[in-house]
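The values are calculated or read from the model by the stated rules, or taken from the named source; none is laboratory data. All values derive from a computational prediction rather than experimental measurement. Here Cβ is always computed from backbone atoms with ideal geometry, including for glycine, and neighbour counts include all displayed protein chains. Heavy atoms of the whole protein, side chains included, go into the accessibility calculation; ligands, DNA and RNA do not. Shrake-Rupley method; radii C 1.70, N 1.55, O 1.52, S 1.80 Å.
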Amino acid sequence: MAYVKNSMINIPGFGLTPRAAPNGPIAGQIYYDATADLVYGYNGTIWITLSNQHIGFGGDMTSYVADGVTYMVHTFRTSSSFISRGAIDVDYLVVAGGGGAGAWGGGGAGGFRTGTALSVSAQSYTVTVGAGGILGTSDVYGANGENSIFSSITSAGGGGGAYTTTPNGYAGGSGGGGGYTNAGDGGAGNTPSTSPSQGNAGGGNSGTSTAHGTLGGGGGGGASAAGGDATSGDTAGVGGAGENNVMGLDDAGSLALSVAAGAGVLSSEVRYYAGGGGGGGDNRPSDTEGGAGGVGGGGAGSKGVTSYNGVQNSGGGGGAGGYNTGGYGMSANGGSGIVIIRYAV
């Protein structure tokens, strides 16, 4: 069979002669680096490795360039599978579902775990994206959120918020808020324990009055801060703030990754995850307003009216309904979690 041969290629077989990157490249040009044992292609702007392109499949796939490196990003908003065609190290963000609010306590944010260089092999990995916890009522706790899981990384669902006669919030990735009396403690965060911590405790009721929960409920814990206590002021506990830094990146790098993934809750040009839900307010007799939700998808609490759900795919906790003349307000559900996987190509 006839074939054409020159110093660059053989046809058939398409053999590339090892060499350094060509000078003055044009889009579509390729070369083989024998030292790195990688094939590179020029995309019109930079040289990118072709050897790892699409080594993984699953989720919503996007790519972006940071500091001259092209990254593939897989974003999972629902449970699915990540399929790796070879051994590779990946960076990850795994956020669990936020807790549902009770009548008084805001829901805790879902556990927030992020890291780099997690080794995966050539196989299919089940990716579990935890649902948000269901809202509670005046005599039912808010439910904990569900866990999110990728490979060896499990983030725990956020703790449910407290209701009327049992004032302590549930433990979870971040803890649910307490309420009703000054004995109402927030639930513990970082449960089960991870290092670094996956979340913070919920707020409680730190006032001195025990009558009718007149100080409102505590806020749910967030990824970077504990939920606020209900105090002698005019506002129930606020939800703990979420986190914006992911995969060991600084603010700018984290924002670029979140934009590429289409993920995170925007606030002041920054995208956050896993904010706690606000506590419920009370109009007897101190007229306490509901607490604000924590930045990163936490729902705001209310004073006897409808509160706000945690934002979907943020891991935010739900806001508590509180009480006003005539009865309890409707508490809110936690937001579902999210899993993001990144690797250099």
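So here's what we get for this one:
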item	result
Residue in the range 159-166 that is open to solvent by 40 Å² or more (accessible area, probe 1.4 Å), out of contact with any strand residue (DSSP E or B) (no Cβ under 7 Å at 6 or more places or on another chain), closer than 24 Å to residue 219 by Cα and not acidic (Asp, Glu) present	yes
Qualifying residue in the range 46-55 (condition: open to solvent by 40 Å² or more (accessible area, probe 1.4 Å), closer than 30 Å to residue 130 by Cβ and modelled with pLDDT under 75)	yes
Hits in the range 99-145 - residues which are surrounded by fewer than 24 Cβ atoms within 10 Å (Cβ to Cβ), out of contact with any Ser or Thr (no Cβ under 7 Å at 6 or more places or on another chain) and closer than 20 Å to residue 338 by Cβ	114, 115, 116, 134
Any hit, the range 80-93, residues being open to solvent by 10 Å² or more (accessible area, probe 1.4 Å), modelled with pLDDT of 95 or more and among the polar types (S, T, N, Q)	yes
Single condition residue 289 does not satisfy, out of (1) open to solvent by 10 Å² or more (accessible area, probe 1.4 Å); (2) within 27 Å of the chain's Cα centre (by Cα)	(2)
Residue 321 more than 15 Å from the chain's Cα centre (by Cα), open to solvent by 10 Å² or more (accessible area, probe 1.4 Å) and not hydroxyl-bearing (Ser, Thr, Tyr)	no
